[in-house]
Amino acid sequence: MVSIDLTAIRCPLALVKVKLALKQLEDGEVLCVSLSDIGSRQDVPRFLKKVGYRYSEVCNDENMLTIKISNLR
């Protein structure tokens, strides 16, 4: 599993970093992403749904969203 903490980064840079990290994943690998910016918390899941990635929320509270993204689409 690859983990990236993007809690200090605001959108759209956080979304760009997620896209770059997804390109580097190998088949079957999982990416765990932590986000705190409100825009990022909305845009990243929206992007994942749009392009067909499977993901699940690990944590979603008022301070942070943590999601696990599967490389299997």
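The values are calculated or read from the model by the stated rules, or taken from the named source; none is laboratory data. Just so it is clear, the model here is predicted, and its values are computed rather than measured. Because the Cβ atoms are built from the backbone with ideal geometry, glycine has one as well, and the counts that use them run over all protein chains shown. All accessible areas refer to the heavy atoms of the entire protein, side chains included, with ligands and DNA or RNA removed. Shrake-Rupley method; radii C 1.70, N 1.55, O 1.52, S 1.80 Å.
Yes/no per residue for (1) open to solvent by 60 Å² or more (accessible area, probe 1.4 Å); (2) within 14 Å of Cys11 (Cβ to Cβ); (3) at pLDDT 95 or above:
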position: Glu26; (1), (2), (3): yes, no, no
position: Cys32; (1), (2), (3): no, no, yes
position: Gly39; (1), (2), (3): no, yes, yes
position: Val44; (1), (2), (3): no, yes, yes
position: Arg54; (1), (2), (3): yes, no, no
position: Met64; (1), (2), (3): yes, no, yes
position: Ser70; (1), (2), (3): no, no, no
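Assess whether Ile4 counts as being free of Cβ contacts under 8 Å to residues at least 60 places away in the same chain, surrounded by fewer than 18 Cβ atoms within 10 Å (Cβ to Cβ) and part of a strand (DSSP E or B).
Yes; evaluated as a whole, the condition is true for this residue.
Kindly provide the set of residues from segment 22-46 that are part of a helix (DSSP H, G or I) and either under 15 Å from Thr66 (Cα atoms) or in contact with a strand residue (DSSP E or B) (Cβ under 7 Å, 6 or more places away or on another chain) (or both), ordered by number.
Once the filter is applied, which keeps residues that are part of a helix (DSSP H, G or I) and either under 15 Å from Thr66 (Cα atoms) or in contact with a strand residue (DSSP E or B) (Cβ under 7 Å, 6 or more places away or on another chain) (or both), segment 22-46 yields Leu22, Ile38, Gly39, Ser40, Arg41, Gln42, Asp43, Val44, Pro45, Arg46.
Please determine whether any residue of segment 8-21 is within 15 Å of Leu72 (Cβ to Cβ), open to solvent by less than 50 Å² (accessible area, probe 1.4 Å) and either outside any helix (DSSP H, G or I) or touching a helix residue (DSSP H, G or I) at 6+ places or on another chain (Cβ under 8 Å) (or both).
no
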